[in-house]
Amino acid sequence: MVDTWTVENVAERFVDAARTARRLPRVAMQGYASTWPIAILPTDAYPDPHKLYRLPPPSSLDVERMLEVMRWVQILEMDERHLVWMRAKRFDWVEISKRFACDRTTAWRRWKRDMQVVADLLNKQMQQQKQ
């Protein structure tokens, strides 16, 4: 448990949530299966030695922490959410600045402001729970 939320703590939790979301199992339509191709080629029968395999599914604690971060995101506006998640997914500041049509330092300032807003809200909630 964190005593006081800082911008760095909040940003780290967002990065962890993005990693956890990436590790969740893929969503597929139930009841649909393909039998094509019937013949299995030798290239399909053996796994590719150069393929990068997915990480194992996240633990229940990781999922709970991710859901907690998802609740935090609800206090931000839509553009702020996009900015925060792009940075959590480790997009470069240049790419983020292109997406929001601003300078990279402006994008960084907006991201830092959004992280501070979340940190302030969490600190306020912690103080209310202590009282």
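No lab work stands behind these numbers, since they all come straight from the coordinates. From a predicted model like this one, the values you see are computed outputs, not experimental measurements. Cβ placement follows ideal geometry from the backbone for every residue including glycine, while neighbour counts extend to all protein chains displayed.
The table below lists the values:
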read-out: Lys89 paired with Gln129, simple spin-label distance in nm, labels 7 Å along Cα-to-beta-carbon; value: 3.0
read-out: Label-point separation, Ser59 to Lys112 (7 Å along Cα→Cβ), nm; value: 3.4
read-out: Inter-label distance, nm, simple model (7 Å from Cα along the C-beta direction), Leu121/Thr4; value: 2.1
read-out: Highest average packing first - 96-106, 113-123, Cβ atoms within 10 Å; value: 113-123, 96-106
